[in-house]
1. If you plug each phi of the range 25-42 into the Karplus form 6.51 cos²θ - 1.76 cosθ + 1.60 with θ = phi - 60°, what whole-Hz ³J(HN,Hα) values come out, in order, with x for Gly and Pro?
2. So for the range 46-115, considering every pair of alpha-carbon atoms, how many percent are separated by more than 14 Å?
3. In Å and on Cα atoms, what radius of gyration and Dmax does the chain show?
4. Considering the zone a paramagnetic label at Leu62 would reach in this model (a point 7 Å from Cα along the Cα-to-Cβ line), which residues of the range 72-86 have amide N under 17 Å from it?
Amino acid sequence: MTNGVSNLEPLYGDGARIKHNYLERQQEIIAVNRNDLEDILSFDGMQSLLSGFGLFLLSGALWLGLDKILSEPSLAFTPELAICGCCVLFGVVFLSFGLYMGAKKRGRITRIYRETKAISA
C-alpha cells in the first residue's frame, strides 16, 4: 500500500481496455486411438506423394508429347514420343494409386464415425 492506494486496485488511464464476452460452445468429441491416427496419416502421405508424382509425370509427358506432335510436319514415332507415352502410363498408374490411398483414408474415417455411439450426458 502506497499513499493510501492498494497495489491490487486497477488503475484507469488513457490506455486500451478489454471487455470480455464469454460465449458457450458445444462440440461432438470422438475418441480415436493411435493406430487409426497413424493409418490415416500414412494414407494421407502416400496419397499426396503418389498423386503429386502421377500428376507431374502425366502433365509433363502430355505437354511435351503434344508439343512434339504439333511441331512435326509428319507424324513419326520417335524415341521421345515413346518415353512420353511411358510417362503418361506411369502417371496414370501413380495417380490411380494416389486416389486409392485417398479412398482408403476416407474409408477409415467413415469406419471411425460408424463405430461411435452417443453417450447420454
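Taken together, the values in this text are just the output of simple stated rules run on the coordinates, not laboratory data. Note that the coordinates shown come from a computational prediction; the quantities given were computed from them, not determined experimentally. Cβ: placed from backbone, ideal geometry, glycine included. Neighbour counts: every protein chain shown.
1. Each residue's phi maps through the Karplus curve to give 9, 10, 9, 8, 10, 10, 6, 10, 7, 4, 4, 5, 5, 5, 5, 4, 5, 5 Hz.
2. Cα-Cα pairs of the range 46-115 separated by over 14 Å account for 64 percent.
3. Rg and Dmax of the chain, Cα atoms, are 30.1, 100 Å.
4. 84-86
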